Amino acid sequence: MNTNTILISGIVAMLFLAACTHRTPTDLTQNSFIPQPASVIATGDAFKLTSTTVVYFQPGVEGLEHTAVYLAGKLIEISGLTISTEAADKAPSKGIYLEVSDEDAGLGNEGYDLNIGKRLITIRAGSLAGCFYGSQTLLQTLPVKDAEGDEQIIATGTVRDFPEYSYRGMMLDVARHFFSVEDVKRVIDLMAAYKMNVLHLHLSDDQGWRIEIKSWPELTTIGGSTEVGGGEGGFYTQEDYKEIIDYAQERYITIVPEIDMPGHTNAALASYAELNCDGEARELYTGTDVGFSTLCAGKDITYRFVEDVVSEIVALTPGPWFHIGGDESHVTSPDDYVFFVNRVQEIVADHGKKIIGWDEIANADLLEGATVHYWDDVENTTMGVEKGAIVLMSPSAHSYLDMQYDSTTYLGLHWAGYIEVDKGYSWDPATMVDGVTKEDILGVEAPLWTETVTNMDELEYMVFPRLPGYAEIGWTAPALRNWDTYKLRLADHGKRFEDLEINFYRSPLVPWNN
Ligand code: NGO
């Protein structure tokens with residue numbers, strides 16, 4: 001062998017090795033999971049996903065087959081392999097097996113145990129949601145798309161995992177700019193991949209009313225007819241809303257509907273003159289000011305209106321919450337505000353839902369089970385806790401998805417500051433507000449307000465790559481969270497974003513490798 005041959009065979013061997021290391025990942029702990037699981041143990045071997053792999057599910061557990069079909073569908077999408085589903089009473093000797101069992105109480109409501117053996121993968125959880133999250137973790141061991149469409153190798157090991165908070169949400173403002181059912185479904189899919197479980201829909205504001213209310217039809221025919229900037233707006237029919245609810249439910253996401261009141265109501269006040277104290281309908285509004293509108297707290301018809309709206313929405317909404325807004329009611333007198341919020345809480349409670357309201361609602365007499373949604377005012381929030389409420393954390397300076405990344409971001413606002421990806425990630429809900437501890441906190445939500453966000457491309461640019469960080473804050477214990485390691489995992493997700501055609505912001509703080 002001459003030196004050249006040695007050199008060439010050396011290079012070939014190195015290339016082969018590099019290809020092998022790429023194609024046979026056998027160390028599960030090296031996988032870039034987001035959110036970081038509670039524990040990952042590697043066993044150093046490999047499971048091969050082939051066209052003979054079957055996703056089995058325990059029979060007699062309603063809903064589990066659906067998760068099996070979802071998982072098989074994703075595996076087919078990824079690999080191009082034919083992967084079927086089948087019921088099986090007990091774990092088979094090979095394949096993938098989904099099982100719901102209450103044996104491991106330590107996993108809680110949403111936890112799971114994912115065991116990847118050389119021949120068999122099991123996902124065991126105490127609930128259907130847990131099986132779904134275990135499936136999402138398994139899917140993160142694979143690319144989202146394999147150009148070659150052939151067998152896939154998965155590193156063996158065990159993931160035992162459960163969330164820090166039970167509410168891991170995102171909010172979408174469909175009032176300032178309207179987003180279609182298809183858009184909302186895409187948002188739901190992207191959230192589900194990161195184990196988020198609540199989508200809060202901001203369904204009404206000064207610029208638009210976005211949900212059909214059959215007993216007050218002009219809310220949508222008039223109030224839904226425009227948006228910020230004067231575009232044509234739009235609204236969800238009740239069937240559309242149901243379609244969103246069902247789609248979300250299949251992905252273990254609860255929809256929280258918000259009707260913002262008594263302020264932020266110009267669209268309603270333009271639709272029905274009688275809701276105004278002076279009896280005169282307002283003009284439709286397409287600007288971006290806040291705090292200039294109010295329902296008339298002293299009129300009976302106001303509460304008939306709220307009753308009708310709440311009852312129609314509640315009838316379509318399986319989740320436990322109804323969000324009553326309550327923010328920035330600057331032209332409602334303090335007494336009227338308290339009177340109004342107290343009455344509206346009763347209406348919502350009479351319909352069997354728990355209320356959530358922006359932190360200002362702490363000024364009212366909160367009903368048991370109320371959630372104060374912290375966004376701005378620390379005093380309101382601690383007052384809410386003193387009155388027995390729990391807290392949903394959306395600190396505007398850390399979690400608002402409409403805040404610009406930096407001064408060059410072409411969209412968004414910056415009244416609460418700039419939120420680069422590290423700032424969005426590096427905070428702990430349990431130490432955010434003095435006197436509000438983990439026990440007082442329901443969870444975390446990242447709101448996307450859409451004054452400046454007009455379409456899906458723009459939405460994705462503001463939401464990604466920050467959303468996975470909020471998902472991790474909601475899911476992973478603070479002791480396991482650290483920006484320096486998170487940014488490397490996030491970098492690996494860049495390829496996933498690209499394959500999913502997400503228009504994401506390539507933050508210079510993240511060492512993207514795609
Ligand atoms: C505020 C305001 C919204 C704006 C948003 C913009 C809350 C709770 N009320 O947050 O109406 O759209 O800021 O960032």
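Tabulated data for the structure shown
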item: Matching residues in region 97-146 - criterion: being outside any strand (DSSP E or B), in contact with a Gly (Cβ under 9 Å, 6 or more places away or on another chain) and polar (S, T, N, Q); result: SER101, ASN109, SER127
item: Number of the condition not met by THR288 [criteria: (1) free of Cβ contacts under 8 Å to residues at least 60 places away in the same chain; (2) within 16 Å of the ligand (Cβ to nearest atom); (3) over 17 Å from the mean Cα position of the chain (by Cα)]; result: (1)
item: Qualifying residues in region 395-416 (those that are more than 9 Å from the ligand (Cβ to nearest atom) and polar (S, T, N, Q)) - the one nearest to the chain's Cα centre (by Cα); result: SER399
item: Residues of region 293-309 satisfying the condition of being assigned to a loop (DSSP other than H, G, I, E, B), over 24 Å from GLN238 (Cα atoms) and without any contact (Cβ under 8 Å) to a residue 60 or more places away in the chain; result: THR294, CYS296, ALA297, GLY298, LYS299
item: In region 360-390, the residues that are more than 29 Å from GLU460 (Cβ to Cβ), within 16 Å of the ligand (Cβ to nearest atom) and touching a residue at least 40 places away in the same chain (Cβ under 8 Å); result: VAL378, THR381
item: Residue under evaluation ILE419, criteria (1) assigned to a helix (DSSP H, G or I); (2) within 14 Å of the ligand (Cβ to nearest atom), criterion not met; result: (1)
item: Inter-residue pairs, beta-carbon under 9 Å, first on the phi > 0 side of the Ramachandran plot and in region 426-439, second in a helix (DSSP H, G or I) and surrounded by 14 or more Cβ atoms within 10 Å (Cβ to Cβ), 6+ apart; result: GLY435/VAL378; GLY435/THR381; GLY435/THR382; GLY435/VAL385
item: Filter result (touching a strand residue (DSSP E or B) at 6+ places or on another chain (Cβ under 6 Å) and either of a type in the set (A, V, I, L, M, F, W, C) or not in a strand (DSSP E or B) (or both)) within region 358-374; result: TRP358, ASP359, ALA362, GLY369, ALA370, VAL372
item: Residue ID - nearest to TYR167 (Cα to Cα), chosen from residues in region 451-487 that are of a type in the set (Gly, Ala, Ser) and surrounded by fewer than 22 Cβ atoms within 10 Å (Cβ to Cβ); result: ALA477
item: Region 169-189: number of residues that are of a type outside the set (A, V, I, L, M, F, W, C), more than 14 Å from the ligand (Cβ to nearest atom) and under 21 Å from THR220 (Cα atoms); result: 3
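Okay, residues lined up against (1) under 23 Å from GLU212 (Cβ atoms); (2) away from the ligand (no atom under 16 Å from the Cβ); (3) part of a helix (DSSP H, G or I); (4) of a type in the set (Gly, Ala, Ser):
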site: ALA315; (1), (2), (3), (4): yes, yes, yes, yes
site: GLY319; (1), (2), (3), (4): yes, yes, no, yes
site: ILE324; (1), (2), (3), (4): yes, no, no, no
site: TYR337; (1), (2), (3), (4): no, no, yes, no
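Throughout, read-outs are computed from the coordinates displayed, never taken from laboratory work. This structure is a prediction, so every number in the text was calculated from the model and none was measured. Cβ coordinates were reconstructed from backbone atoms using ideal geometry, including for glycine residues, and neighbour counts include every protein chain displayed.
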